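Chemist: After the C-alpha cells below, expect a handful of questions from me.
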Amino acid sequence: MNRPIIVQKYGGSSVKNVERIKAVAQRVAERKTKDNDVVVVVSAMGDTTDELEALALQLNGNPPEREMDMLMSTGEQISCALLAMAVKALGRDSISFTGGQVGIKTDTSHTKARIETISGHRIKKALEENKIVIVAGYQGITDENDITTLGRGGSDLTAVALAQALKASVCEIFTDVDGIYTTDPRKVKEAKKIKTITFDEMLEMASLGAQVMQARSIEVARRFNIPIHVRSSYSKEEGTMITQGNEKLEEITVRGVTSNSSEAKITICAVPDQAGVAAKIFTEISKAGVNVDVIVQNVSHTKHTDISFTVPKVDITKAIAATKKIAKKINAGEVSFDKNIARVSIVGAGMRSYQGIAARMFKALAKAKINIEMISTSEISISCIINQDQVNKAVKTLHKEFQLEKVG
Ligand code: ADP
Ligand code: ASP
Ligand code: MG
C-alpha cells in the first residue's frame, strides 16, 4: 500500500468558526479517495494566536518563551481536534495529532524553533488504516519533550516540512485569498493574481512583508523543490503555483510590491570615522540579540559620520540601550530613533538582467512626493525606507509605475 499523499494546510481564517470548519471538513473528505491519502495541517481558529499572546502580556510584560510556546501551541490543538470531529461527523474516519505526536523534533529556540527531524511514524500508521490525518500546525517538540513553536505563520512550515517528510505528491496552502497577488489585494484593489511565481521571488516577497506565506516555509520548499499551490478555501478556483520557475518567468522584471511597517530606525550621530568602529557597534547590538537590517553610513567630511540602521520595532528598547552603550564607548554623539518608518519594496527575478529599474522606482516615488530615507537592494529586489504615513500611497504608486495591474 503506497497511495500518493496530498498535504493540505488551512490557515486561521479558513477555520475561524463552526461553519468554516464544517466547510473544510467537507472539502477534506472529498479529497480523500481510495486512490490517495490526505494529511491536513491546521492553524489556530481566526485570531486565536493573537488573543493568546495578548492574554500572556496582561500577566507578564516579558513572558518566558517556554511558557509562551506552551500557551500559543494550544490554538492549533483546538482546531485540529475540532476538524477531526467534523470529518468524523461526515462518516469518514479521521484522527488528530499535535506536532509532538507526529514526531516533529525541533531545537530548543522557543518561539522560533527550527525543525530538525520528522519521524511521521504515527501519520503513516494512521494512513495505512485509511484515516484522514489532521496535524496541529506551528509546533514541534524538543528532545526533552518541551513544546516549541515555529515562529508566526509557522503552520505553512509544518505543511511544507510534512510534504517533504512524507514525499507528498501535492502541497496545497488554503487561505482567504485565491492566490498570490502582485501586491496585498486587501490594500490595493488593482492587485492581480499571479499564475506562477518562483521560489526565489516568493521568498523575497515573503521576507519583505507579503504575509500570505511564511518566508521560512518557502526556504524549505526551495531547498527540496516542493511545488506549492496557494489557493482559496472559499472557492474551487485554481490559485498560484510556486515553483522553481523557468526561462519565461525570468523575463518579467517586477513581479510584485510589498510593504512592511515592522521596523524602526536608529541613528548614531558623529561617529568617529576609524577602522573597526562599525564592527564594534554591530557586535554590541548583535550581542543584545537584535537583528539589524538596512544600514546606511554617510560620507565623512570632518572625520565623523552618521550611521543609521533599522531593527525590528519589537526590539527597539533593547536596541537603543545597546546602541547608547556602544556610542558612549566609542565617543560618538547622540543616539536618536524613529518608529514611524516603513519599507516599500519591488521584487522580480527579471531585475537581474534589466537596468534602470531602481531609477524608475526612485523617480516614481519622487513624483508622488515620497521622500526616501534609506535604500537597500538584493539581486531581485529594491527596498526604500520611507515615512510610515506614506506607505499605502507608495505601494499604489509603484504598482501603477510597473503596470502590475496588467500582468498576472
Ligand atoms: P492564513 O490565515 O490563511 O495563514 P494569512 O493572513 O497569514 O492567512 O495570509 C493571507 C493574507 O495575506 C491575505 O488576506 C492578504 O491580505 C495578505 N497578503 C499580503 N500580501 C499578499 C499578496 N501579495 N498576495 C496575496 N495575499 C497577500
Ligand atoms: N497560528 C499561528 C500564527 O498565527 C501559526 C499560523 O497561523 O501559521 O502565527
Ligand atoms: Mg498565514
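Quick note: the coordinates plus some simple rules give every number you see, no bench work behind them. What you see is a predicted model; the values in this text were computed from it and never measured. Note: ideal-geometry Cβ built from the backbone for every residue, glycine included; neighbour counts use all protein chains shown.
Chemist: Using the Kirkwood radius built from alpha carbon pairs, what does the Stokes-Einstein equation give as D for the chain at 4 °C and 1.567 mPa s, in µm² per second?
Modeler: Estimated diffusion coefficient is 57 µm²/s.
Chemist: For the peptides 104-115, 272-283, what is the packing order when you average, over each peptide's residues, the other Cβ atoms within 10 Å and list the highest mean first?
Modeler: The peptides rank, most packed first, as 104-115, 272-283.
Chemist: Then there's this: With the contact rule set at Cα under 8 Å and sequence spacing of 6 or more, what percent relative contact order holds for the chain?
Modeler: 14 percent
Chemist: Pairing the Cα long axis of helix 154-165 with the longest principal axis of the chain, what angle in degrees results, from 0 to 90 and rounded to the nearest 10?
Modeler: 60 degrees
Chemist: How many percent of Cα pairs in the stretch 133-203 exceed 21 Å?
Modeler: Here the long-distance tail beyond 21 Å is 42 percent of all Cα pairs in the stretch 133-203.
Chemist: Could you give the alpha-carbon Rg of the stretch 58-185 over 2.2 N^0.38 Å, rounded to two decimals?
Modeler: Relative to the rule-of-thumb radius for its length, the stretch 58-185 sits at 1.12.
Chemist: Quick one: divide the alpha-carbon radius of gyration of the stretch 328-386 by 2.2 N^0.38 Å and tell me what you get.
Modeler: Cα Rg divided by the expected 2.2 N^0.38 Å: 1.46.
Chemist: Given that compact globular proteins tend to follow 2.2 N^0.38 Å, what is the ratio of the alpha-carbon Rg of the stretch 49-100 to that value?
Modeler: 1.48
Chemist: Tell me which GluC sites (Glu not before Pro) from the stretch 350-408 have a DSSP coil assignment and no more than 13 other beta carbons within 10 Å of their own.
Modeler: 379
Chemist: Sum up the charges of everything whose Cβ sits under 15 Å from the Cβ of residue 276, counting Lys and Arg as +1 and Asp and Glu as -1, but leave residue 276 out.
Modeler: +1
Chemist: Starting at the first residue of the stretch 58-65, write each ³J(HN,Hα) from the Karplus equation 6.51 cos²θ - 1.76 cosθ + 1.60 with θ = phi - 60°, in whole Hz, x for Gly and Pro.
Modeler: Using θ = phi - 60°, the values come out as 6, 9, 7, x, 9, x, x, 5 Hz.
Chemist: Continuing with this model, one more query. If the reach is capped at under 15 angstrom between alpha carbons, list the aspartates and glutamates near residue 400, excluding any in the same chain fewer than eight residues apart.
Modeler: 184, 190
Chemist: Work out the charge dipole of the stretch 15-142 with +1 on the Cβ of Lys and Arg and -1 on the Cβ of Asp and Glu about the Cα centre, then indicate which of 45, 141, 18 is farthest towards its positive end.
Modeler: The one lying farthest along the dipole's positive direction is 18.
Chemist: May I ask you to derive the relative contact order of the stretch 302-408, considering only C-alpha pairs under 8 Å and at least 6 residues apart, and to give it as an integer percent?
Modeler: 26 percent
Chemist: Just grab the label-to-label distance for residue 286 and residue 389, each label 7 Å out from Cα along the Cβ direction, in nm (one decimal).
Modeler: The answer from the label model is 3.7 nm.
Chemist: Another one. Where a ≥ b ≥ c are the square roots of the eigenvalues of the C-alpha gyration tensor, would you call the stretch 135-284 rounded, which needs a/c under 1.5, or, failing that, prolate if a/b is larger than b/c, or oblate?
Modeler: Because a/c hits 1.5 or more and a/b fails to exceed b/c, the stretch 135-284 counts as oblate.
Chemist: Give me a comma-separated list of calculated 3J(HN,Hα) values for the stretch 255-266, in order, Karplus coefficients 6.51, -1.76, 1.60 applied at θ = phi - 60°, integers in Hz, x for any Gly or Pro.
Modeler: In residue order, the calculated couplings are 8, x, 10, 10, 9, 7, 10, 9, 10, 10, 10, 10 Hz.
Chemist: Measure out, as a whole number of angstrom, how far apart the alpha-carbon centroids of the stretch 192-249 and the stretch 1-34 sit.
Modeler: A separation of 20 Å, based on Cα centres.
Chemist: To continue, here is another question. Could you pull the Rg and Dmax for the stretch 249-408, using just the Cα atoms, both in Å?
Modeler: Using the Cα atoms of the stretch 249-408, the pair Rg, Dmax is 17.4, 54 Å.
Chemist: Starting from the Cα of residue 303, draw a straight line to each of the lysines and keep only those under 26 Å, dropping any in the same chain fewer than 8 residues away.
Modeler: Once the sequence-local lysines are set aside, what remains near residue 303 is 265, 280, 324, 325, 328, 329.
Chemist: Using DSSP to define loop residues, name the GluC sites (Glu not before Pro) in the stretch 103-139 whose beta-carbon has at most 10 other beta-carbon atoms within 10 Å.
Modeler: Taking the stretch 103-139 and a limit of 10 other Cβ atoms within 10 Å, the loop GluC sites (Glu not before Pro) found are 129.
Chemist: If you line up the long axis of helix 215-224 against the longest principal axis of the chain, both from Cα atoms, how many degrees apart are they, to the nearest 10?
Modeler: Around 70 degrees separate the two axes.
Chemist: Give me the distance between the Cα centres of the stretch 271-305 and the stretch 316-391, rounded to whole Å.
Modeler: 16 Å
Chemist: Run lengths n ≥ 4 of DSSP H only: what is the helix-derived mean residue ellipticity at 222 nm for the chain, with -39500 (n - 2.57) per run over all residues, to the nearest 500?
Modeler: Dividing the helical sum by the residues of the chain leaves -10500 deg cm²/dmol.
Chemist: Same structure, new question: Mind checking which aspartates and glutamates have their C-alpha under 15 Å from residue 88, skipping anything on the same chain fewer than 8 residues away?
Modeler: Within the straight-line limit of under 15 Å, residue 88 reaches these aspartates and glutamates: 30, 129.
Chemist: Would you kindly work out the equivalent ellipsoid of the stretch 1-99 from its C-alpha gyration tensor and give its semi-axes, the square roots of five times the eigenvalues, largest first in whole Å?
Modeler: Equivalent-ellipsoid dimensions as semi-axes: 30, 14, 10 Å.
Chemist: Let me have the relative contact order for the stretch 39-197, percent, based on Cα pairs under 8 Å that are six or more residues apart.
Modeler: The normalised contact order for the stretch 39-197 reaches 22 percent.
Chemist: Using only the alpha-carbon atoms, how far is helix 277-287 inclined from the longest principal axis of the chain? Give it as 0 to 90 degrees, nearest 10.
Modeler: Between the helix axis and the principal axis of the chain, the angle is about 30 degrees.
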